[in-house]
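The structure appears right after this line, and notes come after that.
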Amino acid sequence: MVSAREFYAFRLQIRRNTNSILLESARLLHQFTVDMYVKIETSRLDYFRNRQEEIRADLYQGIVDSIGHGESDPAKIGKRIVLPSTFIGGPRDMRKRYLNAMTLVERYGKPNLFLTMTCNPNWPEIKDEMKAHEEAQNRADLLSRVFRSKVEHLQKEIVKNQLFGPVQAYTFVIEFQKRGLPHVHMLIILKKLVKLDTIDKIDAFISAEIPDKKKYPHLYAMVLKHMMHGPCGELDMRRTCMENGKCKNHYPRSHCAETTIDSDGYPIYRRRLTGEVVEIRGQMLDNRWVVPYNPYLLATFDCHINVEQFQAARRISPPEAIWRIYRFALHEIRPAVISLQLHLEGCQLMPLKKDTNLHNIVDNEFMSRTMLTQFFWMNAHNDKAKSLKLLYKDFPQHFVWTASSRTWTERK
């Protein structure tokens with residue numbers, strides 16, 4: 001027995017010495033993928049819709065009140081759960097993930113780096129798997145797999161290899177452009193001792209200039225290929241970045257002999273007037289048109305990969321940045337965030353099966369346990385909890401919640 005998702009994932013696999021009509025159907029492959037995903041999503045929705053006939057939820061106090069009125073049948077009380085937080089992409093799921101990300105900001109401080117990486121359809125890993133007549137934009141399956149591996153490589157460079165220094169937390173989201181090219185937005189929170197809060201630290205990791213062609217020929221080619229904005233403005237008013245006669249990304253920028261930090265704390269990257277100009281899409285451009293990048297990442301990944309010190313990223317606040325990237329489906333949050341239950345006394349949600357006697361639920365102390373009730377119990381009976389005098393939001397740093405036994409135990 002396999003699920004619908006597993007079956008269609010099997011159909012989309014690339015197999016050696018086998019010609020797949022499906023994978024060679026160009027735009028029809030997009031149509032097939034969308035139709036089958038609708039089928040998968042419908043089956044998930046049907047699961048939750050059908051399950052609600054068997055499992056209901058009501059407040060513990062509401063169960064007690066129902067018994068007081070002579071009611072003992074769970075099928076006649078409770079409320080419908082439209083979509084639980086376990087349904088990916090649902091409103092409760094998105095709200096939970098957004099709050100998790102905001103908790104990271106509250107716990108570790110605002111992000112230090114804002115990174116955007118876009119899939120390059122000319123990567124060798126993609127080109128080697130395509131036939132002569134195929135176009136990359138028609139192979140969403142191949143683009144997605146290769147880009148996923150690149151994102152995992154990117155995480156390894158930043159988190160495990162500590163390219164920018166030790167990382168306390170990070171979060172990212174993957175979006176898809178109109179042609180099917182994926183790109184990732186990532187927010188990175190560094191440890192306090194390595195935060196990019198000085199000019200020297202910013203210059204060490206972020207560049208906004210055309211590199212020396214003789215010293216760094218590979219990097220020079222990558223900057224010209226991926227990191228030159230425009231031309232727009234007076235050079236081309238028809239560019240997609242133009243709004244009300246101005247570039248919404250504020251290009252071209254001004255020349256600057258040294259990186260500076262303005263009165264609001266925003267860095268202005270070094271863009272020296274070197275006289276170096278390059279021809280991009282029929283126009284001669286200089287350092288004012290360079291999108292900020294990290295030289296190592298750009299040379300490694302051979303794609304558009306914009307890296308900015310967070311405060312320079314569109315001049316937005318940390319909450320707004322979190323909101324901007326989580327308007328779309330979230331893929332990953334590191335480290336894990338635990339959602340703490342909050343409720344009034346006797347008002348915790350209780351899972352009910354329609355064949356369960358309500359008296360058995362009320363008489364069962366185990367069923368009424370929640371994170372919050374056990375937090376109070378620990379502070380009354382556990383010596384370590386008494387001595388630490390922790391707030392509820394800080395409790396998971398020292399104790400671990402075990403759902404099966406509904407108890408807090410000391411973190412090892």
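The values are calculated or read from the model by the stated rules, or taken from the named source; none is laboratory data. For clarity, every value in this text was computed on a predicted model and none was experimentally measured. Methodologically, a virtual Cβ is constructed for each residue, glycine included, from the backbone with ideal geometry; neighbour enumeration extends over all protein chains shown. Only protein heavy atoms, including side chains, enter the accessible area calculation; ligands, DNA and RNA are left aside. Shrake-Rupley method; radii C 1.70, N 1.55, O 1.52, S 1.80 Å.
Observations on the model:
- Number of residues in segment 139-149 that are open to solvent by less than 30 Å² (accessible area, probe 1.4 Å) and either part of a helix (DSSP H, G or I) or of a type in the set (A, V, I, L, M, F, W, C) (or both): the value is 5.
- Segment 290-308, subset open to solvent by less than 30 Å² (accessible area, probe 1.4 Å) and among the β-branched types (Val, Ile, Thr), residue farthest from Ile158 (Cα to Cα): Val290
- Answer residue from segment 363-383, given it is open to solvent by 100 Å² or more (accessible area, probe 1.4 Å) and either small (Gly, Ala, Ser) or within 20 Å of Thr409 (Cβ to Cβ) (or both) and is modelled with the lowest pLDDT among those: Glu365
- Segment 184-242: number of residues that are over 24 Å from Val159 (Cα atoms), open to solvent by 30 Å² or more (accessible area, probe 1.4 Å) and in contact with a strand residue (DSSP E or B) (Cβ under 7 Å, 6 or more places away or on another chain): 2
- A Cβ distance below 7 Å, combined with a sequence gap of six or more or placement on separate chains, defines the contacts here; from segment 191-215, residues that are assigned to a loop (DSSP other than H, G, I, E, B) reach residues that are of a type in the set (D, E, K, R) in the pairs Ile206/Glu308; Ala208/Arg270; Ala208/Arg271; Glu209/Arg270; Glu209/Arg271; Glu209/Arg272; Ile210/Glu276.
- Of all residues in segment 335-362, those that are under 28 Å from Arg411 (Cα atoms) and open to solvent by 40 Å² or more (accessible area, probe 1.4 Å) have Cβ atoms under 6 Å from Cβ atoms of residues that are part of a loop (DSSP other than H, G, I, E, B) and at pLDDT 75 or above, 6 or more apart or on another chain, in Gln341/Thr370.
- When segment 164-176 is limited to residues that are touching a residue at least 40 places away in the same chain (Cβ under 8 Å) and more than 15 Å from Phe205 (Cβ to Cβ), the one that is most open to solvent (accessible area, probe 1.4 Å) turns out to be Gln168.
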